[in-house]
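Note sheet for the following structure.
The values are calculated or read from the model by the stated rules, or taken from the named source; none is laboratory data. All figures in this text were calculated on a predicted structure; none of them were measured in a lab. Quick reminder, even Gly has a Cβ in these numbers, built from the backbone with ideal geometry, and neighbours come from all protein chains shown.
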Amino acid sequence: MYFASGTMKILILRFSSIGDIVLTTPLIRCAKEQVKDCTLHFATKQAYRGLVDNNPYLDKVHVLDDNINTLIQELHEEKFDLILDLHHNIRTQIIRLRLRVKSVSVNKLNWEKWLLTQFKIDKLPNYKHIVSRYLYTAKSLGVSYDKGGLDYFISKEDELDIHQLFPEASVGYVAFAIGAKYSTKRLPYLKIVEICEQIELPIILLGGLDDSARGEEVVSKCVDTKIFNACGKLNLNQSAFIIKEAKLVISHDTGLMHIAAAFEKSIISIWGNTMPELGMYPYLEKSEFIAIQVKELNCRPCSKIGYKKCPKGHFKCMQDIDVNEVVTALNYFLKPA
């Protein structure tokens, strides 16, 4: 069904990061399907191009390298009718000013998040999830949410032979995303070991090259558990394929958690210095997630993003995670049908 008449050329701006870009996909799909004769372009960083290159709802992808002026010149030649700024930072403001095109920016709720992280005063609105706020930028076009969840598209080249990669996983496996950009969003590796020792299915550990050594430490400790350390061995879309084929996904508050939500996986999400109430929890339509967190800790959330180390020095938000809660969640999701 169409809600707007005439042709329209729209640019969506979102430069980073993995989860934030995955969470733009309902807006991309709904705008393309609901705005008549819409031509839809997306601008992001080169590092994240793989997240949108395979999206069939996008007509063209533009890339920000080191020179913003080069990107602005490229965008200027496209003659857009509207810019949907889903990043709303200094660079995107520069782009909007230079292009002189009508634009709408996402409400990042920075003031409300600051109140929550600094003074634990919750003034966040009911539409706090970032997906709802992304969709709101296209409200004037008549765009509304279609209940279709998130999207993630993997090319054939990135599909893997799970049996060849890890033969034990052929019977089914748990994907455990052990990484996170910020240390305060990551479990200590001994906590990861405790959890892995409670999982009866084979486990595939996911993360970047920086997580590879931690993954090997986990494997070395879990001598009676079937674990394959895929950290640093796969590209992002290959990791996404591992998530797609998993029976269950365990993840910190990271981009891989949102990719798992795009595939409507059952998710155990583990939260440290951040919390779901900040509006970045798994966005699901057909499946469930269970959030594991230390709720009674009065210093949470201390940041909407994360830190290199705990500002208080005790790191109780992760050190005090109850592994028994994780085991209960595992039993709930993996119980026989």
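At a glance:
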quantity	calculated
Unmet requirement for G279, which otherwise passes all of (1) closer than 21 Å to G208 by Cα; (2) in contact with a His (Cβ under 6 Å, 6 or more places away or on another chain)	(1)
Answer residue from the range 233-263, given it is closer than 23 Å to D161 by Cβ and of a type in the set (D, E, K, R) and is surrounded by the most Cβ atoms within 10 Å (Cβ to Cβ) among those	K244
Within the range 242-279, tally of residues that are out of contact with any helix residue (DSSP H, G or I) (no Cβ under 6 Å at 6 or more places or on another chain), assigned to a loop (DSSP other than H, G, I, E, B) and over 20 Å from I195 (Cβ atoms)	1
Complete set of residues in the range 213-227 that are in contact with a helix residue (DSSP H, G or I) (Cβ under 7 Å, 6 or more places away or on another chain) and outside any loop (DSSP other than H, G, I, E, B)	R214, E217, V218, K221, I227
Filter result (of a type in the set (S, T, N, Q), outside any loop (DSSP other than H, G, I, E, B) and out of contact with any Leu (no Cβ under 9 Å at 6 or more places or on another chain)) within the range 113-137	Q118, S132
Where a residue in the range 47-58 is surrounded by 15 or more Cβ atoms within 10 Å (Cβ to Cβ) and its partner, wherever it lies, is charged (D, E, K, R) and assigned to a helix (DSSP H, G or I), with Cβ under 8 Å and at least six apart	Y57/R29; Y57/K32; Y57/E33; L58/K32
Lone qualifier among L99, L160 - being in the same structural domain as E216 (by TED's automatic domain parsing), of a type outside the set (K, R), modelled with pLDDT of 95 or more and within 30 Å of D65 (Cβ to Cβ)	L160
Scope the range 139-161; condition over 20 Å from the mean Cα position of the chain (by Cα) and either on the phi > 0 side of the Ramachandran plot or β-branched (V, I, T) (or both); matching residues	G142, V143
In the range 281-309, the residues that are buried (at least 21 other Cβ atoms within 10 Å of the Cβ), part of a loop (DSSP other than H, G, I, E, B) and hydrophobic (A, V, I, L, M, F, W, C)	none
